[in-house]
1. Give ALA168, ALA156, ALA197 a once-over and let me know the one that is within 19 Å of GLY125 (Cβ to Cβ), open to solvent by less than 40 Å² (accessible area, probe 1.4 Å) and in contact (Cβ under 8 Å) with a residue 40 or more places away in the chain.
2. Filtering the stretch 181-194 down to residues that are surrounded by fewer than 21 Cβ atoms within 10 Å (Cβ to Cβ) and under 30 Å from SER245 (Cα atoms), which residue is nearest to the chain's Cα centre (by Cα)?
3. Could you run through the stretch 46-86 and say how many residues are open to solvent by less than 30 Å² (accessible area, probe 1.4 Å) and out of contact with any Ser or Thr (no Cβ under 7 Å at 6 or more places or on another chain)?
4. Determine whether the stretch 155-164 contains at least one residue that is assigned to a helix (DSSP H, G or I), farther than 26 Å from PRO56 by Cβ and among the polar types (S, T, N, Q).
5. Would you point out which residue out of LYS81, LYS101, LYS75 is touching a residue at least 24 places away in the same chain (Cβ under 8 Å), basic (Lys, Arg) and more than 17 Å from PRO217 (Cα to Cα)?
6. Would you point out which residue out of ILE131, ILE119 is β-branched (Val, Ile, Thr) and either open to solvent by less than 10 Å² (accessible area, probe 1.4 Å) or closer than 24 Å to ASP69 by Cβ (or both)?
Amino acid sequence: MRTRLRIITLFFTAFILSTGLAFCQTETKQLPPEATEFYEPVPPKVDPGKTTLDPPSDAIVLFGGKDLDMWQSAKDGSFPKWKVTDGIFVVEKGTGDIQTKQAFGDVQLHIEWRSPQEIVGEGQGRGNSGIFLMGMYELQVLDSYESKTYTNGQAASIYKQSVPLVNATKAPTEWEVYDVIFSAPIFNSAGIVTKPATITVLHNGVLVQNHFALRGPTEYIGIPNYKAHADKLPIKLQDHGNPVSYRNIWIREL
């Protein structure tokens, strides 16, 4: 008797499910195309640059080859001592980091850099600088063309946290391109991180960091640990004692 009841129950369950599925399919087919179309919000119009290296119309140009008016000393807010020559600027050893005057949160960042022409040093002492999103999350700048170091500290690494998927570094005489999508962390009212910072990086057009979730600020020594901070903070470029060159820096707020 129990076996017959189970068979009958299974039969009716299958019947109900199949009938319901058929009903849903019929209802979907009866929907007009307009039922799944919408016209708001309307995306704002942005004119792209002539090439993927050029800033689009809604970008903020942080360095266009003329001056460092958009930057200041990270130490005391004075005008940067890094020198601008022929449309590029170079890290001036011993003068300290520089940072943007404007603060940023979620961004798309384009930045081009070049290792020193004269190959000096090895590992972390060779063409070292860094791009610090919000002043504390470092995307490493380093001559990693034919130089060995710890892999979570080579070019395009998220310093001491994430090894790049591949090494796309060019020779020191050539310009490198980073295109970055960064989302700032979110903290609750108690100062606890509820959404970590994430970063995606293309190095010379090659994906090297794929929506990596940072474990906190990048640290030289110790374990990263989030502490609540402002929604927007300046972007910093590091003086690590090597004459690294930069050019064509622009940013879009997301």
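1. ALA156
2. Among residues in the stretch 181-194 that are surrounded by fewer than 21 Cβ atoms within 10 Å (Cβ to Cβ) and under 30 Å from SER245 (Cα atoms), the one nearest to the chain's Cα centre (by Cα) is ILE181.
3. 7
4. No, the stretch 155-164 contains no residue that is assigned to a helix (DSSP H, G or I), farther than 26 Å from PRO56 by Cβ and among the polar types (S, T, N, Q).
5. Selected residue: LYS101, the only one of LYS81, LYS101, LYS75 that is touching a residue at least 24 places away in the same chain (Cβ under 8 Å), basic (Lys, Arg) and more than 17 Å from PRO217 (Cα to Cα).
6. ILE131
Residue-wise test of (1) touching a residue at least 60 places away in the same chain (Cβ under 8 Å); (2) in contact with a Ser or Thr (Cβ under 8 Å, 6 or more places away or on another chain); (3) of a type outside the set (Ser, Thr, Tyr).
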site: GLY191; (1), (2), (3): no, no, yes
site: LYS232; (1), (2), (3): yes, no, yes
site: ILE235; (1), (2), (3): yes, yes, yes
site: ASN242; (1), (2), (3): yes, yes, yes
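The values are calculated or read from the model by the stated rules, or taken from the named source; none is laboratory data. Because the structure is predicted, anything quoted here is derived from the model rather than measured. Here the Cβ is made from the backbone with ideal geometry for all residues, glycine too, and neighbour counts use every protein chain on show. Protein only, heavy atoms only, side chains kept; ligands, DNA and RNA dropped before computing areas. Shrake-Rupley method; radii C 1.70, N 1.55, O 1.52, S 1.80 Å.
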